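For reference, the structure discussed in these notes is given below.
The values are calculated or read from the model by the stated rules, or taken from the named source; none is laboratory data. Everything numeric here is computed off the predicted structure, so don't read it as measured data. In this analysis, Cβ positions are derived from the backbone assuming ideal geometry, glycine residues included, and neighbour counts consider all displayed protein chains. Note: areas computed on protein heavy atoms with side chains; ligands, DNA, RNA excluded. Shrake-Rupley method; radii C 1.70, N 1.55, O 1.52, S 1.80 Å.
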Amino acid sequence: MKKTITAIFLVFLISIAIVMPVQADGFSADYARERTAVLAEYVELPGISGPVGYGTCFFVGKDGEDPTYLVTNHHVIEDYLNYGKGAWVTIEDGHGNQLDCRVTMRVYYSSSEFEEAYVVAYDDTKDIAILKLENPTSKRKAFLLHSPESDMQGQSVYPVGYPGSADNSVVEPNSSWSMSDVSITNGIISKFITQRGTGVRMIQTNAEIQPGNSGGPLVDENNSVVGINTLVYFGDVANVYYAVNIGEVEDILNRNNISYDSYSASDDPDPGPVHPDDPIPDPIPDDPTTPTWFFVAGGIVLAAAVGIVGFLASRKEKSSDPQQAAAGQAPAGQAPAGGGYAGNAGQDGYAAPSWQASGQRGNPTVASASSGIPSVRSMSVQHRGERVSLRDRQIVIGRNPDVCSIVFKDGTPGVSGKHCSLSYDKSSGDFLLTDLKSTYGTYLANGQRLEAGVTYRLRSGDSFYLGEIGNTLQVEKV
């Protein structure tokens, strides 16, 4: 009988929860779309022109004025910088051929509408870049910026960008890259962190981002940008996403005397002055279809029911194993209060899955944003600045996805199937690099070619490349 009454009671509560209204926030997808664009980099070679990098960017400036400046991630434009910042340069293709090339950056409003952008300022540590168009544009508008505060934890946020369209620049050349192609996901601010060693302010969220989202805005309920979508960690249990706090961008804009508008609570609609003779409005307007008291009462009943059910469940759980309860232990299969399962706690409180980036086979894994883990970062355009953790393991780098942790695309000049191996020596703090008899060789940053089969020691911050300078990687602790 008691079970039947409980079931009926729960069905009643669920029915109330279904009909109770959900308060919509102020986020506007249209508002976000008209302020975001695709950023692509093109290398011009004799008879060849194609994209070498892409991501998302967004406009900043004075509200109501045609914008000139854009914000994106530094790692999105890194190859533009490496290829000479738009000047004609000579490169080697890995086969001994000298080629003259020039790289350009294009801001796309659609597949046929674009204009060139130029670098104004950047900070590689904070992963921020500020770009400028030659002239203000009327094709997009500027975002308001909103430096987030600690009390925003738990509030809704919306990553905006072109993860699909940007990636389709090669496989699907008919992508329009227009406003309607913008992808928008949603989640909440999980917490605010400060990156160890660098002091960079970051925002952790559960709002999904993908490759191509890099450099795009993280927008709050007030349609203002609170961060730049930057990193994604794919774990065994849950994915974790990070954005650079927009406060870091404001610092760079201020140093370069770039004007922009920020959000404040006073920007919200104002009902106007209240005069003594004006009638006092009802705080909750009446709904002609459903009485207001019904929803209020339903909420109270639901809250009370949750408390009662939780109380009864806890009593039953405690009585089921009095010995465990007396000893302060958790029941079998449950985590003890205040901690994780034994063997599952990683360094600095992170769980210990193998982090995998991009969600694609062979793409590199990335190290924790605040853990000081030894790692290697690929500077190649095809890896978009992502990192691989070297903690307690040796990795192979090359074109073979079956054995390599950092996989270069087939046909990448200068890279063999199994090109080189890399590991970290805890006792000395050195990174150990070995060429695996590659065809075109592994080189240190100074151009010295490694002898095949011989291990070379690198320090954090050193770089090396496979075959040619465009296939550069850097070892570091992050």
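The table that follows gives values for the structure above.
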{"read-out": "Close pairs from the stretch 63-84: first on the phi < 0 side of the Ramachandran plot, partner aliphatic (A, V, I, L, M) and part of a loop (DSSP other than H, G, I, E, B), Cβ under 6 Å, at least 6 apart", "value": "PRO67/ALA142; TYR69/ILE258"}
{"read-out": "Positions within the stretch 212-253 being open to solvent by 10 Å² or more (accessible area, probe 1.4 Å) and more than 14 Å from the chain's Cα centre (by Cα), in sequence order", "value": "GLU221, ASN222, ASN223, GLY235, ASP236, VAL237, ALA238, GLU250, ASP251"}
{"read-out": "Subset of the stretch 171-196 [in a loop (DSSP other than H, G, I, E, B), modelled with pLDDT of 90 or more and open to solvent by less than 40 Å² (accessible area, probe 1.4 Å)]", "value": "THR185"}
{"read-out": "Matching entry among TYR242, TYR233 (being within 24 Å of SER262 (Cα to Cα), among the aromatic types (Phe, Trp, Tyr) and out of contact with any Gly (no Cβ under 8 Å at 6 or more places or on another chain))", "value": "TYR242"}
{"read-out": "In the stretch 119-134, the residues that are under 13 Å from VAL244 (Cβ atoms), open to solvent by 20 Å² or more (accessible area, probe 1.4 Å) and out of contact with any Ser or Thr (no Cβ under 7 Å at 6 or more places or on another chain)", "value": "TYR122, ASP123, ASP124, LYS126"}
{"read-out": "Conditions (1) surrounded by fewer than 20 Cβ atoms within 10 Å (Cβ to Cβ); (2) among the β-branched types (Val, Ile, Thr); (3) within 22 Å of GLY247 (Cβ to Cβ): number failed by THR137", "value": "(3)"}
{"read-out": "Test set (1) farther than 15 Å from PHE58 by Cβ; (2) outside any loop (DSSP other than H, G, I, E, B) - ALA243 fails condition number", "value": "(1)"}
{"read-out": "Hey, ASP220 modelled with pLDDT of 95 or more and at negative phi or not", "value": "yes"}
{"read-out": "Residue match in the stretch 215-224 (condition: in contact with a Leu (Cβ under 6 Å, 6 or more places away or on another chain), closer than 11 Å to HIS146 by Cα, in a strand (DSSP E or B) and not charged (D, E, K, R))", "value": "yes"}
{"read-out": "Residues that are within 16 Å of the chain's Cα centre (by Cα) and either of a type in the set (A, V, I, L, M, F, W, C) or at pLDDT 50 or above (or both), drawn from the stretch 363-376", "value": "VAL366, ALA367, ALA369"}
